[in-house]
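What follows is a single structure, written as structure tokens, with notes after it.
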Amino acid sequence: MKLRLLVALSLLGLAPSSIVLAAATNAAARQTVASRRVDFAGPGRGTWLARVTTERLGRDASRSFDQWRIEIERPQRLGGGSAYRTPGTDTLLDRVVKASGANLWFPNQEAQLLGDGRFLPGERRELVVRAYQSGADCGSVTVALLGLRGKAGNVGRLVSVENGCSLDVKILRGAKGDELLLSGPYYAENAALCCPTKAHAEARLSYRGGRWIERPQLFKIVPPAVQ
């Protein structure tokens, strides 16, 4: 295989070192900005590596534009490999594309790993992530809980909450399971993004009785079936 590659490079007039340089350049373009190990299957059963990366796509006179990604790898004891990625296996983050005829890329993005907790019954842990995307307006925020889904060692969204412009979250620890404290502007139906119905609102999200419950019902819950 290596010999055939060298012959092909010679026919194209390329030095083998150019392939090494290209690979190094592509690797350098991806930067890890956050990482965390999570016991998705429970303590003592191997940890999954979650990380947030950015890739520089371009810039204009004052800004740079990046593709953000959230990726999770299985532990080696389960065969390793990718268990989750967005964009990819999930649409939590969009693919950033160049605008036609302009030196601009959309949407603008940011992603965070906010911590893990025990939100469902049992010993498994779930990871809280936050994704922000915007175009011409203030954009939207999605807070999502990622956890094991199915029997193949894959990770996916268990539930997520969306809100226009802003949505912050804190993890509240509890003996009956952890909760999320959500805070941000509240928009009643048909309210414009410029003018929230209530500028500062709070709600709690918890898993009780086999379902996700938000009290009070202020922010939009998106079940996994429509993600």
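The values are calculated or read from the model by the stated rules, or taken from the named source; none is laboratory data. Note that the structure is a prediction, hence the values are computed from the model and not measured. Here the Cβ positions follow ideal geometry from the backbone for every residue, glycine too, while neighbour counts run over all protein chains shown.
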*Give the residue that is nearest to TRP105 (Cα to Cα), with candidates limited to residues of region 48-68 that are without any contact (Cβ under 8 Å) to a residue 12 or more places away in the chain and in a loop (DSSP other than H, G, I, E, B).*
ARG63
*asked:* Condition first: part of a strand (DSSP E or B) and modelled with pLDDT under 95. Now tell me which residues in region 149-190 satisfy that.
replied: ARG149, ASN154
*Within region 69-91, work out how many residues are of a type outside the set (Asp, Glu) and within 18 Å of VAL33 (Cα to Cα).*
7
*When you look at PHE40, is it of a type outside the set (Val, Ile, Thr), part of a loop (DSSP other than H, G, I, E, B) and crowded, with 18+ Cβ neighbours inside 10 Å, yes or no?*
yes
*Which one is nearest to ALA50 (Cα to Cα) among residues in region 94-120 that are without any contact (Cβ under 8 Å) to a residue 60 or more places away in the chain, outside any strand (DSSP E or B) and not charged (D, E, K, R)?*
VAL96
